[in-house]
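Here is the structure we will look at.
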Amino acid sequence: MTATKTDTVVIGSGISGLTTAALLARCGHEVTIVEAKRKPGGALRRFNREGIPFDVGFHYSSGLGQGQFLRALWDCLGVVGAIPTTPLSPDGYDLFSLPNTNRQIKAYYSYDRLSTELCAIFPDECGGIKEYLATIREMSRAMPFYNPTLPLTPFLRGGALANDRPLTEVIGACTSNPDLQAVLSAPTFLYGVPPKQAGLAMHAVVAHGYYSGAWGIVGGGATIVEALVAELTRMGVKIMTSSPVTALKMAGDQVAGVSGVDWQLTAKNVVYSGHPHHLPGLLPAEALRPAYRNRLRELEDTVSMHIVFGEVAATSPLPLLDRANLYQLRPGFELLAPPGGAESATLMITAPGRHDGPATPAARGVILMRPAHLGEVSRFDRGYKSRGPGYAEFKEQVMQQMLADAAVFGEDFRTIRPLAVGSPLTFRDRLGSPAGGVYGVQHSRHQRPAEARTKVAGLYLSGQSAMMPGIMGASLAGLVSAGEIVGLEKVWDMVRECS
Ligand SMILES: Cc1cc2nc3c(=O)[nH]c(=O)nc-3n(C[C@H](O)[C@H](O)[C@H](O)COP(=O)(O)OP(=O)(O)OC[C@H]3O[C@@H](n4cnc5c(N)ncnc54)[C@H](O)[C@@H]3O)c2cc1C
């Protein structure tokens, strides 16, 4: 058994873990990252099918404009130059189609243009549209990651994202038009909480981000991982891959390190960036009070998805997907509900590989996603990566339905050739989210995820939406974990000086 000593162990090399490690290393800490998988990156891995690289967990992001949070953070970490970004179309980055509306509705990353577009399509609802947009914009001004003149600590400690108004009540007061309700609640797709369970504050976090900018990344999420890993290596941070942590060591009430099958590391601090549900399983039973242990075990996931990875024919380049994402929305507040009756489920189509350049293999890839629940596939579940009879046929059926639904955007979409399909079981087993949630832990009105500080001294949580969803949320969570160790405002000052 090999044993080593370090200041901080970060468990997991997804974007949150890499961010925590990089910020701590900048502050002079000795850090070691331990990762269960063969390669770093967590959900930001790419995989290849028939020569086409596909992103699993990254399609587009907000926060990457000049002075915005993610760009400032990456600037501060010295990696911004190694992560080339491309803006999605300023003439509509998301195109929404609704069963009863015969024209596509464009989402703009400009409050003024978005307001003009929605008022032109829903002229009777213009007052409500303006009220909704003003509410989101006003709320964003109180959020430090959108308004870096603010300190971070009062925002985090003040529970600003909890106990807020139901999203459906806020949108419902602005409009009773089901098509417009669907468009205004569409950002819920990006944090995986059904609109009827969503709160206004988390909605404002995500919606304001995209109403202010939407970017792709050349090389996808893997580019972010490569840039951070190169910088971490330069700073002397050790990254141990193929090293699942099987237990946390305690010294009295304080965490004292981690161990794997034939190795251990002694450390004053441990940051766990896997799904919080699994943390109690790594600790001795007496380390956590039953109430806290149960809270972590029972945290509800975001929605899951069925996902199809396909190839477009060279003769049919589907130009709509060049710099925009397509959404077939369900009217009203049913955006994340599975198909019901005659209604198709919401369908999203995206082609993030096109940011690599038109002549690259990645540019031929198309990804389709449809909201799903683990219950739809639980009858095929035989444990980790093991499926019962009928699973392949079920996936084939879902895939065919999704491809048929895609034709709402044009007959050309029928030419997509499927190469791989994933279900909630795939996400459960690959991401470690107990119900296959694609965005980790759910931030909804009835659930406030656990804070970065755990009930064990020296042990922190940062992964799978512990703080906020998406790569921006995971990066902020990484920052908060580092901040809890070296001082929140110290780390926040480092970043805002770069914005
Ligand atoms: C289909 C899909 C689409 C998405 N699209 C977008 C998008 O377009 N834009 C966006 O911003 N976000 C998107 N996301 C979300 C985004 O990918 C995630 O929020 C983010 O990558 C999560 O990073 P993380 O570090 O919190 O967790 P993870 O990436 O899950 O990292 C956790 C790491 O911890 C490791 N680990 C866990 N337990 C242990 C252990 N015991 N020992 C050692 N290592 C361990 C895991 O192997 C993993 O590498 C998407 C996600 C999915 C699934």
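Listed values, structure above:
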item	result
Among the candidates Asp429, Asp493, residue that is charged (D, E, K, R), more than 13 Å from the ligand (Cβ to nearest atom), part of a helix (DSSP H, G or I) and more than 22 Å from Thr188 (Cβ to Cβ)	Asp493
The lone exception for Tyr108 - which of (1) more than 30 Å from Val408 (Cα to Cα); (2) modelled with pLDDT of 95 or more it fails	(1)
The stretch 25-39, residues that are within 15 Å of the ligand (Cβ to nearest atom) and either touching a strand residue (DSSP E or B) at 6+ places or on another chain (Cβ under 6 Å) or aromatic (Phe, Trp, Tyr) (or both)	Val31, Thr32, Ile33, Val34
Any chance Arg354 is in contact with a strand residue (DSSP E or B) (Cβ under 7 Å, 6 or more places away or on another chain), basic (Lys, Arg) and surrounded by 11 or more Cβ atoms within 10 Å (Cβ to Cβ)	no
Leu23 being touching a Cys at 6+ places or on another chain (Cβ under 9 Å), within 30 Å of Trp263 (Cα to Cα) and either part of a helix (DSSP H, G or I) or open to solvent by 30 Å² or more (accessible area, probe 1.4 Å) (or both)	yes
Enumeration of residues in the stretch 465-477 that are out of contact with any Pro (no Cβ under 8 Å at 6 or more places or on another chain) and either modelled with pLDDT under 95 or near the ligand (Cβ under 10 Å from one of its atoms) (or both)	Met468, Pro469, Gly470, Ile471, Met472, Gly473, Ala474, Ser475, Ala477
Positions within the stretch 97-139 being in contact with a Phe, Trp or Tyr (Cβ under 8 Å, 6 or more places away or on another chain), surrounded by fewer than 18 Cβ atoms within 10 Å (Cβ to Cβ) and in a helix (DSSP H, G or I), in sequence order	Tyr111, Arg137
Selection from the stretch 452-464 of residues that are more than 6 Å from the ligand (Cβ to nearest atom) and either of a type in the set (Gly, Ala, Ser) or without any contact (Cβ under 8 Å) to a residue 12 or more places away in the chain (or both)	Ala452, Ala457, Gly458, Ser462
Residue within the stretch 255-276 that is within 24 Å of the chain's Cα centre (by Cα), in contact (Cβ under 8 Å) with a residue 60 or more places away in the chain and in a helix (DSSP H, G or I) present	yes
Those residues of the stretch 41-82 which are part of a loop (DSSP other than H, G, I, E, B), open to solvent by 40 Å² or more (accessible area, probe 1.4 Å) and either under 13 Å from Leu228 (Cα atoms) or of a type in the set (Phe, Trp, Tyr) (or both), in sequence order	Gly78
Matching residues, the stretch 62-76, being out of contact with any Phe, Trp or Tyr (no Cβ under 6 Å at 6 or more places or on another chain) and within 13 Å of the ligand (Cβ to nearest atom)	Leu70
Inter-residue pairs, beta-carbon under 8 Å, first more than 18 Å from Tyr460 (Cβ to Cβ) and in the stretch 238-253, second acidic (Asp, Glu), 6+ apart	Ile239/Glu35; Met240/Glu35; Thr241/Glu35; Ser242/Glu35; Ser243/Glu35
Single unsatisfied condition, Thr6 versus (1) open to solvent by less than 40 Å² (accessible area, probe 1.4 Å); (2) within 12 Å of the ligand (Cβ to nearest atom); (3) modelled with pLDDT under 95	(2)
Inter-residue pairs, beta-carbon under 8 Å, first closer than 12 Å to Arg26 by Cβ and in the stretch 65-82, second open to solvent by 50 Å² or more (accessible area, probe 1.4 Å) and basic (Lys, Arg), 6+ apart	Cys76/Arg26; Leu77/Arg26
The stretch 185-198: number of residues that are farther than 10 Å from Phe333 by Cβ and buried (at least 24 other Cβ atoms within 10 Å of the Cβ)	4
Set Val258, Val237: member being over 25 Å from Ala107 (Cβ atoms) and within 10 Å of the ligand (Cβ to nearest atom)	Val258
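Yes or no, residue by residue, for (1) in the same structural domain as Glu393 (by TED's automatic domain parsing); (2) away from the ligand (no atom under 16 Å from the Cβ):
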{"position": "Gln254", "(1), (2)": "no, yes"}
{"position": "Ala267", "(1), (2)": "no, no"}
{"position": "Leu282", "(1), (2)": "no, no"}
{"position": "Tyr292", "(1), (2)": "no, yes"}
{"position": "Gly310", "(1), (2)": "yes, no"}
{"position": "Asp322", "(1), (2)": "yes, yes"}
{"position": "Leu326", "(1), (2)": "yes, no"}
{"position": "Leu329", "(1), (2)": "yes, yes"}
{"position": "Gly332", "(1), (2)": "yes, yes"}
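Table: residues versus (1) away from the ligand (no atom under 16 Å from the Cβ); (2) closer than 27 Å to Ala222 by Cα; (3) in a loop (DSSP other than H, G, I, E, B).
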position	(1), (2), (3)
Ile367	no, yes, no
Tyr384	no, yes, yes
Glu393	yes, no, no
Ala420	no, yes, no
Leu425	no, yes, no
Ser433	no, yes, yes
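The values are calculated or read from the model by the stated rules, or taken from the named source; none is laboratory data. Owing to the predicted nature of the structure, the values given are computational and were not obtained by experimental measurement. Please note: Cβ atoms are built from the backbone with ideal geometry, for glycine as well, and neighbour counts cover all protein chains shown. Ligands, DNA and RNA are stripped out before the accessible areas are found, and what is left, the full protein with its side chains, is counted by its heavy atoms. Shrake-Rupley method; radii C 1.70, N 1.55, O 1.52, S 1.80 Å.
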